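Peer 1: Encoded as structure tokens, here's the structure I'll be asking about.
The values are calculated or read from the model by the stated rules, or taken from the named source; none is laboratory data. Given the structure is predicted, the values throughout are model-derived calculations rather than measurements. Positions of Cβ are generated from backbone atoms using ideal geometry, with glycine treated the same way; all protein chains shown enter the neighbour counts. Side chains are part of the model used for accessible areas, which takes the heavy atoms of the whole protein and leaves out ligands, DNA and RNA. Shrake-Rupley method; radii C 1.70, N 1.55, O 1.52, S 1.80 Å.
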Amino acid sequence: MQERERHRAQRRLQATKKSQRMVGEEQRLKEWKKTSQRHNLQHELKEYGLPAAMEDKSSQTSGQSKDVQSSLTPEEPPVNFTHIKLEENEPIDFRTKDFILKKAREVCKCNHQTIITFFCQLFPVLDWLPHYNIKMQLLGDVISGLLVGIVAIPQSISYSLLANQDPIYGIYTNFFCSIIYVAMATSRHNFVGSFGVLCLMIGQSVNRHLQLAGYDDNTDSLLVGNATSSSDEMGTCDRSCYAITVALSLSFLVGLYQILLGVLQLGFVSVYLSEPLLSGFVAGSSLTIITSQMKYLLGLNIPRHEGVGSFILTWVDLFRYIQNTNICDLVTSLVALAVIIPVKMINDRYKDKMKAPFPVELLVVIVATVVSYCFNFEERYKSSVCGAIPTGFRKPTLPDTKLFSSLAVDALPIAIIGFAMTVSLAEIFGKKHGYAVRANQEMIAIGMCNLVPSFFYCFASSAALTKTLLKESTGTQTQLSSLVTSLVLLLVLLWIAPLFYSLQTAILGVVTIVNLRGGLKTFCETPRMWQLSKLDTVVWWITMLASTLITTEIGLLVGVCFALLCVIFRTQRPRATLLGKVSNTEIYEDQSAYKQVSSIANIKIFRFESSLYYANKDYFKTALYQKTGVNPALLAARHHRAKTRARAETGNRKSIFNTLFGCLKPSKKHVERSPTSVCLPSLDMHTLIIDCGAMQFIDTMGLSVLKETHSDYQELGVQVLLANCNPLLRRRLRDGGWAAGAHGGQPAFHSVHHAVQFAQQWYHEQQQESRERRDAALDPEDLSVEASL
């Protein structure tokens, strides 16, 4: 019996030793796995520029998440993380000096082929004229040129009055500009000549200088001071002479500005004039032009107002002197409007079926001239007429250099608007008909169209919208049609011009107003624009109102500044969202925008849809704290207050115990409430991923905000990762020391999914390490009992 009990005790002892050996083997295997995994995690942390000390953080701040929407619970092992590291190419060593020398060598290189290429680029006519197909292209160019020339006759005369010039100078402008543009343009459809908006700006500048020189609006005499312009054959300069002197000096400066912009390759300046801005500017200018032409329609003789509030002051004068309306001019204007507007509407409606629009304007001008001459409207009804229009050409003259200082500012907005309209129209029709347009060459071409004609009594010009549309719709093929238009205008200059002596200025005002229908149509498009973009609509209204109520130049400046402020506002307060994962995919989208998107447990993915720079750095932090629900600054402040309060309570207890009981020690309950036992509050995330896919650049202030964010969240036990960084942003982050101890490693991930996998594996390692520490803290006797069981 005793022998049996002894054998049983030996077997139990052997079983106990065997189980202990098995437990020891399992513990050694577990320690080896832990060491290996810790080494791998440290390696990955170092590769991604994250401090290795992060693995020692406790999971107290992130292990309590209960996100039921997640596809991965904290207890499940994550997908194995695969490190992806791309080797960057060596950056190109760019030196400004070498670049300038290289360009200088290319420019200064002179040989036969270089000279030919230079002249072909400067004069594109040398490229396309040798390949001109007479059978296929000549008929369309001739018909289009004739029709545009017929329409250009009344518009040239009417726009001359708008520019405060005699009618003959408008014909000069269209004649010379058409010839020069043929030789230097890359556009096949633009027509360069007098343009209503530019004529308005020129007229305002001319009128201002006439007032400064002392000329009265009602007479040609010089009331105050002496004119300093070039004199005519008699040695004197009347009001008309001084007006054209100011206009041609202004045109010279406008052309000089545009040529400099083209030579210096500064055509990108036009991109700051957005389509809503230009549309609003044209609409506001159209209202101003209509206001300035109303006195011709009513036959009133009122002063021309300039500066702020000229629009309102002009209408006030119109109603003040309404009783002086010339009935003959009023009736003539109403009849002309009743004829021209319906025919124009018919032309627009059936433009696809008609080979050419009906030239109703020229017909009305001819009929009105004949009627005015036959019934002698000038003497019988005191109606205002064009008067004597000379024939032939005048001797070339030099611009007045004394006016350059006062016209330098006025010429700048005219130059910008001129080349913006020219380049935009050229690109529109170039894309429509499939040929290339060089913007810088177009600027040089329009600059020469203003510089050279300024010696031949011409004012500033640009691509004219109405005549360009007519030219394109009537089948033009090349710029040869502009030469045909010039021939039509040449006939007017040599023989036909005197026949317009009896033409009423009211008819010219009607022609000007009718041609502004395109600018006024944009008012009807504002509701649709509001549906597409409210901010663009606000830009349109601000530019239109500023151009109308203030001045055209200041209105343009206000529109540009407001449009730029809108761009800054859009980047200053961009859209910020939290991303979630589309189930069973590697796609991450906005949780508030899509239904089939689920969040990931303990991981917040924040997307900031703009570059990070000094203007939006504060909004970045505000949006980040709001979306994640974690404000590190507030939590740190609360933790600091809790530690201070605990330290104060502990100090008070110690002083009381020392006073009352001498050497007695505080109880265990009191020790547990010491400052060292105050822990950070628990959070519902262990990783914050910032999606930088929309960040094109980051400045020094933005980099400082990222560093601050990384430091603040790290104090809470939350690691911050970056994803979707472009190479430039990666280089800036690495050079700026984004991660301490990175040693040149990549501080960001190539995709959001890559960052999520890394975060999940990191969290799994933290959880496993925490469990092992908890097991190691148990009593060895308890481990023996558990092993035996």
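Peer 1: Mind checking the per residue accessible area of the stretch 283-369 for me, 1.4 Å probe, whole number of Å²?
Peer 2: Result: 53 Å² of accessible area for each residue.
Peer 1: If we sort 330-341, 451-462 on the protection proxy, mean other Cβ atoms within 10 Å, highest first, what's the order?
Peer 2: So the peptides 330-341, 451-462, ranked by packing, come out 451-462, 330-341.
Peer 1: May I pose another question? Could you work out the relative contact order of the stretch 291-446? I mean the mean sequence separation of Cα pairs under 8 Å and 6+ apart, divided by the number of residues, in percent.
Peer 2: Result for the stretch 291-446 is 16 percent.
Peer 1: Which is farthest toward the positive dipole end of the stretch 534-609 among THR548, PHE606, PHE569, measuring Cα position about the Cα centre, with Cβ charges +1 (Lys, Arg) and -1 (Asp, Glu)?
Peer 2: Projecting each Cα onto the dipole axis, the largest value belongs to PHE606.
Peer 1: Please report how far the C-alpha centroid of the stretch 545-565 lies from that of the stretch 440-498, rounded to the nearest whole angstrom.
Peer 2: Using only Cα atoms, the two centres lie 29 Å from each other.
Peer 1: Also, I was wondering about something else. DSSP loop (so not H, G, I, E, B), at most 13 other Cβ within 10 Å: list which GluC sites (Glu not before Pro) in the stretch 523-602 pass both filters.
Peer 2: GLU586
Peer 1: Right, another one. Arranged from highest to lowest average of other beta-carbon atoms within 10 Å per residue, in what order do the peptides 535-548, 359-372, 563-576 appear?
Peer 2: Listed from highest to lowest mean packing, they are 535-548, 359-372, 563-576.
Peer 1: Moving on to the next point. Normalised by the residues of the stretch 126-184, what does the relative contact order come to in percent, with Cα pairs under 8 Å and at least six apart?
Peer 2: 24 percent
Peer 1: Right, something else. Run through the stretch 289-358 and list the chymotrypsin sites (Phe, Trp or Tyr not before Pro) located in a DSSP loop whose Cβ has at most 15 other Cβ atoms within 10 Å.
Peer 2: Counting only loop positions with at most 15 other Cβ atoms within 10 Å, the chymotrypsin sites (Phe, Trp or Tyr not before Pro) in the stretch 289-358 are TYR321, TYR350.
Peer 1: Right, something else. Could you tell me how far the Cα centroid of the stretch 95-146 sits from the Cα centroid of the stretch 571-645, in Å?
Peer 2: 55 Å
Peer 1: So how do 300-309, 286-295 stack up, highest first, on mean other-Cβ count within 10 Å?
Peer 2: Values: 300-309: 15.1, 286-295: 21.3.
Peptide ranking by packing, descending: 286-295, 300-309.
Peer 1: Among the listed pairs LYS351/LYS521; LYS621/LYS707; LYS534/LYS621; LYS135/LYS355; LYS135/LYS431, which are separated by more than 23 Å between their Cα atoms?
Peer 2: LYS534/LYS621; LYS135/LYS431
Peer 1: If I compute solvent accessible area with a 1.4 Å probe over the protein chains, what percent of it on the stretch 105-210 is carbon and sulfur?
Peer 2: 69 percent
Peer 1: Another question about this same structure. At 1.4 Å probe size, with every protein chain present, just tell me what the per residue accessible area of the stretch 498-560 comes to in Å².
Peer 2: Averaged over the residues of the stretch 498-560, the accessible area is 43 Å².
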